[in-house]
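See structure below.
The values are calculated or read from the model by the stated rules, or taken from the named source; none is laboratory data. Note that the structure is predicted; figures quoted are calculated from it, not measured. Cβ sites come from the backbone with ideal geometry, for glycine too, and all protein chains shown count toward neighbours.
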Amino acid sequence: MIKNIALGTFILISSFVFAQNTAMSGTEAKAFVAKVSSETKGIKTLQSDFIQTKKMDFLDKNIVTQGKMSLKTPNTLSWKYTKPYQYSIVFKENKIYINDQGKKSSVDAKSKTFEKINKLIVGSSNGQMFNDPEFSVSYFKNGNFNVAKFTPKSAQLLKYIKQIELQFPKNETAVSQVNMTEASGDTTNIVFKNTKINAPISASEFSL
């Protein structure tokens, strides 16, 4: 179950609606995409603490985990869970490396759904996620956030993901929250805190 919960992070969730969303106009959406794409071009590294809340239909209580996400462009990404268990997932060199409380394994990512998720997360640091051909994107706004909702185009990906939502605080270009709805109806919410951009990251963060 631990492995499913952690991998569920990358089959990312949808709308816990904290405020009423209004669709952006075409002009607003174009300006938002241009701003994010421009201002994130200089990002080389990104590191953030996160709290993940997983809601599953067959469980009475939500599953809450904590850890640290580290990203190094162009395509290296690490999720290290520290509470309430130790679990790490590292995406690099087209492979997924997993350390499940000391039990290590790797999976070829090229033909896996998770490779698409990895691209989207990495793309959120450089604005390229808006150009991902695997998803159609719609744009919304509310009092606190600009919101981009990604819907898979392919039937294959729709078997796993219903929708992915990225939230950007107003006047900022770094993602502060990810919401995902899986095809099963289970949801995941990831809130990022203490985000550091272009700070040195130890190589150990991307090793198991």
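Kindly provide the set of residues from the stretch 1-16 that are surrounded by 12 or more Cβ atoms within 10 Å (Cβ to Cβ) and either in a loop (DSSP other than H, G, I, E, B) or modelled with pLDDT of 95 or more (or both), ordered by number. Full working, then the answer.
Applying the first criterion (surrounded by 12 or more Cβ atoms within 10 Å (Cβ to Cβ)) to the stretch 1-16 yields 2-3, 5-16.
Selection gives Ile11, Leu12, Ser14, Ser15, Phe16.
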### Task
Starting from residues that are surrounded by fewer than 20 Cβ atoms within 10 Å (Cβ to Cβ) and touching a residue at least 60 places away in the same chain (Cβ under 8 Å), keep the ones in the stretch 73-86 and report whichever is farthest from Ile121 (Cα to Cα).
Tyr85
### Message
For the stretch 17-46, give me each residue that is assigned to a helix (DSSP H, G or I) and free of Cβ contacts under 8 Å to residues at least 12 places away in the same chain.
### Response
Gly26, Thr27, Lys30, Ala31, Ala34
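Take Asn144 and decide whether it is modelled with pLDDT of 90 or more and touching a Pro at 6+ places or on another chain (Cβ under 8 Å). Working first, answer last.
Details: modelled with pLDDT of 90 or more: yes; touching a Pro at 6+ places or on another chain (Cβ under 8 Å): yes.
So Asn144 fits the description; yes.
Taking the stretch 133-142 only, how many residues are in a loop (DSSP other than H, G, I, E, B) and either within 23 Å of Thr22 (Cα to Cα) or hydroxyl-bearing (Ser, Thr, Tyr) (or both)? Quick ask: steps written out before the conclusion?
If we filter the stretch 133-142 for residues that are in a loop (DSSP other than H, G, I, E, B), which is where we start, we get 133-134, 142.
This time we only want the ones that are either within 23 Å of Thr22 (Cα to Cα) or hydroxyl-bearing (Ser, Thr, Tyr) (or both), so: 142.
Final tally of qualifying residues: 1.
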### In the stretch 29-63, the residues that are at pLDDT 90 or above and among the basic types (Lys, Arg)
Lys30, Lys35, Lys44, Lys54, Lys55, Lys61
### Query
Do we find a residue being in contact with a strand residue (DSSP E or B) (Cβ under 7 Å, 6 or more places away or on another chain) and within 23 Å of Ser70 (Cα to Cα) anywhere in the stretch 130-143?
yes
### Given (1) assigned to a helix (DSSP H, G or I); (2) within 16 Å of the chain's Cα centre (by Cα), number of the condition Ser78 does not satisfy
(1)
### Message
Please return the ranges of strands (runs of 3 or more DSSP E) entirely within the stretch 143-208 where 1 or more residues are among the basic types (Lys, Arg) and within 22 Å of Ser78 (Cβ to Cβ).
### Response
187-197
### Message
Can you say whether Gln156 is crowded, with 17+ Cβ neighbours inside 10 Å, touching a residue at least 40 places away in the same chain (Cβ under 8 Å), over 17 Å from Val33 (Cβ atoms) and not hydrophobic (A, V, I, L, M, F, W, C), as far as the supplied structure shows?
### Response
no
